[in-house]
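Asker: One structure, as structure tokens, below. Some questions next.
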Amino acid sequence: MDEQRSTVMVPVGDVALPADLTVPARPVGVVLFAHGSGSSRHSPRNVAVARTLNDRGLGTVLADLLTPTEDEVDARTAELRFDIGLLASRLAGIVDWLAVERPAGDVPIGLFGASTGAAAALVAASTRADRVGAVVSRGGRPDLAGAALPQVRTPTLLLVGGLDEEVIALNEQALAELGDVGELRVVPGATHLFEEPGTLDQVAEQAGAWFTSRLSR
């Protein structure tokens, strides 16, 4: 499949954030990734999921939500990775850039969040309901989205490992707040990082199906 790959700098507020953009020949949508605690746009798990989405005709954007300076601070203090408001505002800024600049064309936008990135994705979706058409959370902490959860109007799939009992409970709490727009699915035999053979493939396939069915026009 012909596709275009590039690394771009996305202006968001007073910062510019690096993002790896992949656009298939005829994209049906574009998915923006929000990585989790202490990770980056080079996260092997998110890169693997992105490849599956690309094969399904979805463009992908893997962005760093912190600047290099902020990353250095976070490496010492671990405080910015839990600043959901900051991360959500950065995500919303990239959503606006995708909608206005259209680097993937005039296509619907989805959000894929892992760990704390899932909370940021849901907060961003609650503020950009007109621009975000679907959300997927992988081993996420949607509970950290707090008061934004009942405001989400975007179809949201929560994927959790079957052995990740604490996070299952937190996702069940979030699901109750999301109401009809949310769906929780448990991947059998998977721990928090989906390191067991085949479990990340299941995440990628389910995410791909969720996005293509809800973003395809």
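The values are calculated or read from the model by the stated rules, or taken from the named source; none is laboratory data. None of the values given here were measured: they were computed from a predicted structure. Methodologically, a virtual Cβ is constructed for each residue, glycine included, from the backbone with ideal geometry; neighbour enumeration extends over all protein chains shown. To get the accessible areas, we keep the full protein, side chains included, count just its heavy atoms, and leave off ligands, DNA and RNA. Shrake-Rupley method; radii C 1.70, N 1.55, O 1.52, S 1.80 Å.
Asker: Give me the tail of P(r) for segment 1-90 as a percent: Cα-Cα pairs with distance above 19 Å. List each step's numbers first, then the result.
Answerer: Details: 1674 of 4005 pairs.
Value for segment 1-90: 42 percent of Cα pairs lie more than 19 Å apart.
Asker: Sequence-distant or interchain residues sharing an amide H contact under 5 Å with Leu32, placed H: which?
Answerer: Val61, Gly110, Leu111, Phe112
Asker: For segment 120-217, report the convex hull volume of the alpha-carbon atoms normalised per residue, in Å³, without decimals. Show your work: numbers first, answer last.
Answerer: Values: hull volume 8.0 nm³, N = 98.
Cα-based convex hull of segment 120-217, divided per residue, equals 82 Å³.
Asker: Moving to a separate point now. Of the accessible area of segment 1-123, with the probe set at 1.4 angstrom, what percent is carbon plus sulfur?
Answerer: Values: 2520 of 5030 Å².
On segment 1-123, the fraction of accessible area on carbon and sulfur atoms equals 50 percent.
Asker: Under a Cβ-Cβ cut-off of 14 Å, what is the net charge of the residues other than Asn54 that fall near it, where Lys and Arg count +1 and Asp and Glu count -1? Before the final figure, lay out each step's value.
Answerer: On the way: positive: Arg5, Arg26, Arg51, Arg56; negative: Asp2, Glu3, Asp20, Asp55, Glu205.
Once all neighbours under 14 Å are counted, the net charge is -1.
Asker: Percent of Cα-Cα pairs more than 15 Å apart in segment 144-196, please. Could you put the intermediate results ahead of the total?
Answerer: Values: 622 of 1378 pairs.
More than 15 Å apart: 45 percent of the Cα pairs in segment 144-196.
Asker: Taking only the alpha-carbon atoms of the chain, what semi-axes of the equivalent ellipsoid follow from 5 times the gyration tensor eigenvalues under a square root, in whole Å, largest first? Please report the intermediate quantities before stating the final value.
Answerer: On the way: eigenvalues 102, 82, 60 Å².
Semi-axes, largest first: 23, 20, 17 Å.
Asker: Right, something else. With every protein chain left in place, what is the accessible area per residue of the chain in square angstrom, probe 1.4 Å? Mind dumping the intermediate values first?
Answerer: Values: 9250 Å² over 217 residues.
Using a 1.4 Å probe on heavy atoms only, each residue of the chain averages 43 Å².
Asker: I'd like the Kirkwood hydrodynamic radius of segment 46-105, using the inverse of the mean 1/r over distinct C-alpha pairs, in Å.
Answerer: 13.3 Å
Asker: With only alpha-carbon pairs counted, each pair once and no self-pairs, how large is the Kirkwood hydrodynamic radius of segment 74-179 in angstroms?
Answerer: Working: mean 1/r = 0.0718 Å⁻¹.
After inverting the pairwise mean of 1/r, the radius is 13.9 Å.
Asker: What is the local net charge at Asp143, summed over the other residues whose Cβ is closer than 14 Å to its Cβ (Lys, Arg +1; Asp, Glu -1)?
Answerer: Values: positive: Arg141; negative: Asp164, Glu166, Glu172, Glu177.
The answer is -3.
Asker: Residues with amide H under 5 Å of Val187's amide H, sequence separation 5 or more or different chain, H placed in the peptide plane at 1.01 Å from N; which?
Answerer: Correct list: Val160, Gly161, Gly162.
Asker: Based on the mean of other beta carbon atoms within 10 Å per residue, what is the order of 94-104, 23-33, 147-157, 76-86, most packed first?
Answerer: Working: 94-104: 17.2, 23-33: 21.3, 147-157: 19.7, 76-86: 14.4.
So the order, starting with the most tightly packed, is 23-33, 147-157, 94-104, 76-86.
Asker: A further question on this structure: Cβ under 12 Å from Ala99's Cβ, Ala99 left aside: what net charge do those residues give with Lys, Arg +1 and Asp, Glu -1? If you can, show how the numbers build up before the last one.
Answerer: Values: positive: Arg102, Arg128, Arg131; negative: Asp96, Glu101, Asp106, Asp130.
Residues near Ala99 contribute -1 overall.
Asker: Let me ask something else about it. How large is the helix-only mean residue ellipticity at 222 nm for the chain, computed as the sum of -39500 (n - 2.57) over DSSP H runs with n ≥ 4, divided by its residue count, in deg cm²/dmol to the nearest 500? Before the final figure, lay out the partial values.
Answerer: Values: 6 runs with 83 residues, N = 217.
After summing the helix terms and dividing by the residues of the chain, the value is -12500 deg cm²/dmol.
Asker: Among 203-215, 5-17, 177-189, what's the highest-first ranking by average C-beta atoms within 10 angstrom per residue? Present the calculation step by step, with values, prior to reporting the outcome.
Answerer: Numbers: 203-215: 19.5, 5-17: 13.0, 177-189: 15.8.
Result, highest mean first: 203-215, 177-189, 5-17.
Asker: Only Cα pairs under 8 Å and at least 6 apart count here; give the relative contact order of segment 95-217 as a rounded whole percent. Don't skip to the answer; put the middle values down first.
Answerer: Values: 235 pairs, mean separation 27.2, N = 123.
The normalised contact order for segment 95-217 reaches 22 percent.
Asker: Oh, and also: Only Cα pairs under 8 Å and at least 6 apart count here; give the relative contact order of the chain as a rounded whole percent. Please list the in-between numbers first.
Answerer: Numbers: 485 pairs, mean separation 40.6, N = 217.
Relative contact order comes out at 19 percent.
Asker: Restricting to Cα pairs below 8 Å that are 6+ residues apart, what does the relative contact order work out to for segment 137-209? Please round to a whole percent. All intermediate terms of the calculation are to be shown ahead of the outcome.
Answerer: Working: 111 pairs, mean separation 24.1, N = 73.
About 33 percent, as a whole number.
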